[in-house]
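Contents: one structure, followed by commentary.
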Amino acid sequence: MKQSTIIWTILMVLAGAFLIVRTSTGNMGRAYVIDELVEPENSDITWTDTKSADPKQKDLPGFRFSWSRTIGLWVAALCTLAIFSFLYGDNPLYKFAEAVFVGSSAGYAMAIGFWDGIVTLLLKNLTPGLMRATLMPGIDPELQPKIIFLIPLALGIAMIWRLAPSGGWISRWALAFFIGATAGIRLLAYFESDFVAQIQSTVLPLVALAADGSFDWATSLKNITIVFGILVCTVYFFFSIEHKGAVGTAARVGIWFLMITFGAGFGYTVMGRIALLSGRLEFLYDDWLWLIDPLGKRLGM
């Protein structure tokens, strides 16, 4: 047996024993909720809203232990460990967790899209009375049906028609309208954010003054650096003139600005990934194992 296999086996046995001890003492992996009665002003229908609760809120009315959220907490923790097991090597646990993550993400996105698009936007505006009596009791009772929403309903039906045995060409009209409208909206948004806003951000005063009229050297230096960096980077991408002499020097300085920018962007990306890692570790140590309590969620327990 390989030495690495022996080490990993010992670590897994110790970790399993630690989990058994912590679980038997009840000092980890428990989720609590608070039940609150909701009574909307515009409706005679009331319901109970269940919210996550911290253990220190045990004296509040409606506080109770939640089996469903506790099971979800354990599933999330074990799946996180299964993903971390890829550090040891590709294994069935990692593949299973990866498949669960992809499948659940797709299902969640579909459910959210159905609720936000079909129920909240379409059915709420077409049949507000039916939605008020069934799925959305808290909506405005004065909301009236809007006939104009028959257009997106017809386009949606036409797009689904692609799944029919015949008449698939009908979906092309809805698909063409969707692609064209999306392209137009995105073009305008990108034009404003990536073109006009970029130009506006580079139109800066090289000599900046403070509110009292004195010379603001820090802002002036920052503006000069930005404008100078944009100019030399532009020179680097200007290939109509051979990069020799002053043009070549400016192009080489532009390379430095580009490399600094790319390095900062890469560093920012790495910081984002580390933030995700720290979030998962905090979840394991705080919410699951109860080894730390940075927010004081379990004071008095």
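Every number in this text was worked out from the coordinates using simple rules, so none of it is lab data. The structure displayed is predicted, hence computed values, not measured ones. We place every Cβ from the backbone using ideal geometry, glycine too, and count neighbours over all the protein chains shown.
For LYS56, the lysines whose Cα falls under 19 Å of its own Cα, not counting residues fewer than eight places away in the same chain, are LYS297.
Partner lysines whose Cα lies under 28 Å from the Cα of LYS2, excluding those fewer than 8 positions away in the same chain, are identified as LYS95.
In summary, the aspartates and glutamates within cross-link reach of LYS58, defined as a Cα separation below 19 angstrom excluding same-chain residues under 8 places away, comprise ASP35, GLU36, ASP49, ASP286, ASP287, ASP293. Note on GLU41, GLU98: ascending count of other Cβ atoms within 10 Å places them as GLU41, GLU98, the fewest first. Using only Cα atoms, what is the ratio of the radius of gyration of the chain to 2.2 N^0.38 Å? Rg over 2.2 N^0.38 Å, computed on Cα atoms: 1.53. Anisotropy class assigned to the range 210-287 is oblate, per the alpha carbon gyration tensor with a/c at or over the 1.5 cut-off and a/b no larger than b/c. Across q = 0.09 Å⁻¹, the range 37-176 modelled as identical point scatterers on its alpha-carbon atoms has Debye log10 I(q)/I(0) values of -0.56, in the order of the q list.
Ordering 198-204, 231-237 by mean Cβ neighbour count within 10 Å, with the highest value first, yields 231-237, 198-204. Farthest towards the positive end of the charge dipole of the chain, among the residues SER171, GLY62, PRO92, is the Cα of PRO92, using unit charges on the Cβ of Lys, Arg, Asp and Glu. From the alpha carbon centroid of the range 207-262 to that of the range 1-55 is 54 Å.
Sorting SER68, SER220 from the fewest to the most surrounding beta carbons within 10 angstrom yields SER68, SER220. Springs between Cα atoms under 10 Å define the GNM used for the chain, and in it the highest mean-square fluctuation of ASP140, ASP35, ASP212 occurs at ASP212.
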